[in-house]
Amino acid sequence: MDRLILSPQSLSSPSLLRRQLNLEQTHQLHARFIKTQFHGGNLSPEAKFNFLISSYTSNQFPHLAFHLYLHLRRTDSDTRLDNFIVPSLLKACAQASCRTLGKELHGFAIKSGFGECVFVCNALMNMYERCGSLISARLVFDKIPHRDAVSWSTMLRCYVRSKLYGEAFRLVREMHIVGVKLSDVAMISMIDVFGELSDMKSGKAMHGYIIRNVSDKEMEVPMRTALIDMYGKCECLASAQRLFDGLSRKSVVSWTAMIASCIHCHEIEEGAKNFKRMREEEVFPNEITFLGLISECGFVGALDLGKWLHAHLLRNGFEMSLALATALINMYGKCRQVRHARALFDGVDEKDVKVWSALISAYAQVSCIDQAFDLFFEMLSNKVKPNKVTMVSLLSLCAEAGALDYGKWTHAYIHRHGLEVDIILKTALIDMYAKCGDLKIARSLFDEDAQRDISMWNAMIAGFSMHGRGKEALELFSEMESHGVEPNDITFISLFHACSHSGMVAEGKKHFSRMVHCYGVVPKLEHYGCLVDLLGRAGYLTEAHTIIQNMPMKPNTVIWGALLAACKLHKNLALGEVAARNLLELDPQNCGYSVLRSNIYASAKRWTDVTSIREKMNNLGMKKEPGLSWIEVNGSVHHFKSGDKKCTKTRKVYEMVGEMCMKLKEAGYEPDTSVVLLNVEEEEKESALNYHSEKLAMAFGLISTAPGTPIRIVKNLRICNDCHTATKLLSKIYGRTIIVRDRNRFHHFSEGYCSCLGYW
């Protein structure tokens, strides 16, 4: 047990306020204050209460701070809540995400006449943002009559923590206009922004600003550490290493930033070596170190290192705090190791909303929608209220699975329980509805919100893109520009996809040029991949190849893959072989590219070459990704695999497929057996076509839903030509709207037509 080494005189000395006590020492001090009824000495009762509240909060026990607050409110004491005690209590509210008590304190501050005290307002802003109410934080900021540097820095940090980087940039511009100089805290917040955005150009500019305005002596370890972290996230490990080597005093935080940078840049061995060096230099990792490193392991999928860190925690007797358990569950989830995540979760006794949300997110990573929602209902039965992170995870899962009914239920829950729909949650809702095929609701949600950041604009543009609504995407982009919102690299990726899926080659090329010359966005590999895809789909294969040859960086598998897919589409065997050779050099183990190459040969009836490729794939143990489709009916998601005979309604589904085939033949349909890339008889090819996964899902939808009900199907691969033609006819035969989301885009089939107009 730690002893409190303080004389009786020092217990009431102002020097006590500078001491940092652990939990046991705080308990001892609390007991002594109770004996004296908080009187005596040079410290006022208010100062003593404030010290205890702050100490309990700094030791991560905010509920003990709340007990002191309740004691003050219930007893007839001369001690009154003042503009020093209230900010300390607000900090405890922020830590515990206790918005109700925070609002009560806000009301008390206003009634007591210090609601405009800048010290109180700064604490209120932090509390509201931590409790998920950024709008309230901004309202407090706007009403402060005399803001200090901390007010601006706090509001900036609120935006950065909420990942509203556009708002953060606007606030910095506002600071510049009113002549407020960036504080150290504000500069660190902006460094964090550029790191999160991987914006090396702006990050370097910020570094230059710091060098010009802050002397080496004044540039303390936190700022240098933030720069190390920023360069690591921008994958410039050399710059991070130089800054780290230049530190005269390396703290555990500095070591953590350097090791995390190595992991982020996929230099896993170097990261492990630095961890050992840190131990050798007798700098011992703390909980924050492990939280940062485990988080990075999840981000890059470094499962082995994540397991090693987990084992190190257990071997060295670290207490498995809620924060560590949550970080490990998140890491295992992102590495798709749900069993490990579940085992950790089950071992946690006192589960908070963050732990529940972490496991829900882990199930979302592997598209286990039923398990995720079962866990959500279990969480509710345990009286744990979901937060914004929980709901965003559920909405993202619904979007990925195309589960509109689940998504609508989640939206209704948010509305029913009065959860604040901020920009992040609204963006998740728009994304979910767009990816589930209901563009109308997505657009209405977008239109009803006046406060839109770049992420929300991007989500709506991407929605139009995946539905092949190129014209609407370009119109929305123009509207965004007219609102003064500056596009980023993600905006242009969605825009190029929209042009590609609508055959708008000239518009796509024009916006590529505008991206570079008007907005100064340096094209990344993803942008060149979009341009190659745009040209390739439209048949400009030679121009697409020229783009690849003249790129300023080495083309990756995405670039060559886009060209190979275009060569298959337009049956250009010679250029297809060029693309295939490059892909083989870059990623010889990737099955998909070998299948594409095999398909090109099969289309040209070069069966010997097809056999050769398939034999090589078998020898290397490579397997073609099976065609999978799923459909949501009555709140359950049903999965189908091509040729599947294991579903619960196999007989009825196959009978329905037979009926579909008969009606198709009566309508004059002829199967397109060219898409069956096997050297077998035509009858076998027709049989194989009949049982493609999307046709099985469609048959299930027809027998399981009422006439006239839209059928929504999600497919993991690109829909084949035969299924595309058949589905157009089936939509007319059965009078159904059939919505299919394949790997590339949405297809809305109705009355014998498809919305894609042949661009897919």
*For residues that are of a type in the set (A, V, I, L, M) and in contact (Cβ under 8 Å) with a residue 24 or more places away in the chain, scanning just the stretch 215-232, find the one that is surrounded by the fewest Cβ atoms within 10 Å (Cβ to Cβ).*
VAL221
*What are the residues in the stretch 465-475 that are open to solvent by 10 Å² or more (accessible area, probe 1.4 Å) and either farther than 11 Å from ALA434 by Cβ or in a helix (DSSP H, G or I) (or both), if any?*
MET466, GLY468, LYS471, GLU472, LEU474, GLU475
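Go over the candidates GLY107, GLY102, GLY166 one by one and state the one that is without any contact (Cβ under 8 Å) to a residue 12 or more places away in the chain and open to solvent by less than 50 Å² (accessible area, probe 1.4 Å).
Matching residue, one of GLY107, GLY102, GLY166: GLY107.
Would it be correct to say that ALA566 is in contact with a Cys (Cβ under 8 Å, 6 or more places away or on another chain) and either open to solvent by less than 60 Å² (accessible area, probe 1.4 Å) or farther than 24 Å from TRP607 by Cβ (or both)?
In short, no.
Matching residues to (1) modelled with pLDDT under 80; (2) more than 19 Å from SER750 (Cα to Cα):
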site	(1), (2)
GLU625	yes, yes
GLU655	no, yes
LYS663	no, no
TYR669	no, no
LEU678	yes, yes
GLU681	yes, yes
ALA699	no, no
THR705	no, no
_Can you find, within the stretch 1-26, the residue that is modelled with the lowest pLDDT among those that are open to solvent by 80 Å² or more (accessible area, probe 1.4 Å) and part of a helix (DSSP H, G or I)?_
LEU17
*Kindly indicate whether any position in the stretch 248-269 is free of Cβ contacts under 8 Å to residues at least 24 places away in the same chain and either open to solvent by 10 Å² or more (accessible area, probe 1.4 Å) or touching a helix residue (DSSP H, G or I) at 6+ places or on another chain (Cβ under 6 Å) (or both).*
yes
*Quick check, is PHE512 in a helix (DSSP H, G or I) and touching a Gly at 6+ places or on another chain (Cβ under 8 Å)?*
no
*Inspect all residues belonging to the stretch 119-129 and state whether any of them is within 23 Å of MET456 (Cβ to Cβ), in contact (Cβ under 8 Å) with a residue 60 or more places away in the chain, touching a Phe, Trp or Tyr at 6+ places or on another chain (Cβ under 9 Å) and not small (Gly, Ala, Ser).*
no
_Residue count for the stretch 395-431, restricted to those that are free of Cβ contacts under 8 Å to residues at least 12 places away in the same chain and among the aliphatic types (A, V, I, L, M)_ = 2
_Odd one out for LEU29, checked against (1) over 30 Å from GLU319 (Cα atoms); (2) of a type in the set (A, V, I, L, M); (3) in a helix (DSSP H, G or I)_ = (1)
*Check TRP630 against each of (1) open to solvent by 20 Å² or more (accessible area, probe 1.4 Å); (2) assigned to a helix (DSSP H, G or I); (3) modelled with pLDDT of 80 or more and name the one condition it does not meet.*
(2)
*From the residues in the stretch 719-745 that are β-branched (Val, Ile, Thr) and assigned to a helix (DSSP H, G or I), which one is nearest to ALA434 (Cα to Cα)?*
THR727
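Are any residues in the stretch 120-137 open to solvent by 10 Å² or more (accessible area, probe 1.4 Å) and more than 17 Å from PRO87 (Cα to Cα), and if so, which ones?
Within the stretch 120-137, GLY132, LEU134, ILE135 qualify.
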*Within the stretch 475-491, work out how many residues are small (Gly, Ala, Ser) and farther than 15 Å from ALA450 by Cα.*
1
*On the given criteria, is LYS554 open to solvent by 20 Å² or more (accessible area, probe 1.4 Å), under 19 Å from LEU525 (Cα atoms) and out of contact with any helix residue (DSSP H, G or I) (no Cβ under 7 Å at 6 or more places or on another chain)?*
yes
_Criterion first (modelled with pLDDT of 90 or more, more than 30 Å from the chain's Cα centre (by Cα) and among the acidic types (Asp, Glu)) does GLU543 satisfy it?_
yes
*Among the helices (runs of 4 or more DSSP H) confined wholly to the stretch 281-368, which include 2 or more residues that are open to solvent by 40 Å² or more (accessible area, probe 1.4 Å) and out of contact with any helix residue (DSSP H, G or I) (no Cβ under 8 Å at 6 or more places or on another chain)?*
303-315, 338-346
*Only one of these is open to solvent by 10 Å² or more (accessible area, probe 1.4 Å) and at pLDDT 90 or above: MET206, MET155. Name it.*
MET206
*Quick one: GLY539 ticks every box in (1) over 25 Å from GLU196 (Cβ atoms); (2) open to solvent by less than 10 Å² (accessible area, probe 1.4 Å) bar one, so which box is it?*
(2)
*For the stretch 369-396, what are the residues that are in a helix (DSSP H, G or I) and more than 21 Å from ARG336 (Cα to Cα)?*
PHE377, GLU378, MET379, LEU380, SER381, LYS388
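If I filter the stretch 141-149 for residues that are open to solvent by less than 50 Å² (accessible area, probe 1.4 Å), touching a helix residue (DSSP H, G or I) at 6+ places or on another chain (Cβ under 7 Å) and within 25 Å of LYS181 (Cα to Cα), do I get at least one hit? Before the answer, list the steps.
Initial filter on the stretch 141-149 (open to solvent by less than 50 Å² (accessible area, probe 1.4 Å)): 141, 144.
Among the residues that remain, those that are also touching a helix residue (DSSP H, G or I) at 6+ places or on another chain (Cβ under 7 Å) are: 141, 144.
Remaining after also requiring within 25 Å of LYS181 (Cα to Cα): 141, 144.
Yes, the stretch 141-149 contains a residue that is open to solvent by less than 50 Å² (accessible area, probe 1.4 Å), touching a helix residue (DSSP H, G or I) at 6+ places or on another chain (Cβ under 7 Å) and within 25 Å of LYS181 (Cα to Cα).
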*From the set of residues in the stretch 397-445 that are assigned to a loop (DSSP other than H, G, I, E, B) and either of a type in the set (Asp, Glu) or modelled with pLDDT of 95 or more (or both), which is surrounded by the fewest Cβ atoms within 10 Å (Cβ to Cβ)?*
GLU420
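The values are calculated or read from the model by the stated rules, or taken from the named source; none is laboratory data. Bear in mind the structure is a predicted one, so any value in this text is a computation, not a measurement. Cβ sites come from the backbone with ideal geometry, for glycine too, and all protein chains shown count toward neighbours. Note: accessible area is taken over every heavy atom of the protein model, side chains too, but ligands, DNA and RNA are not part of it. Shrake-Rupley method; radii C 1.70, N 1.55, O 1.52, S 1.80 Å.
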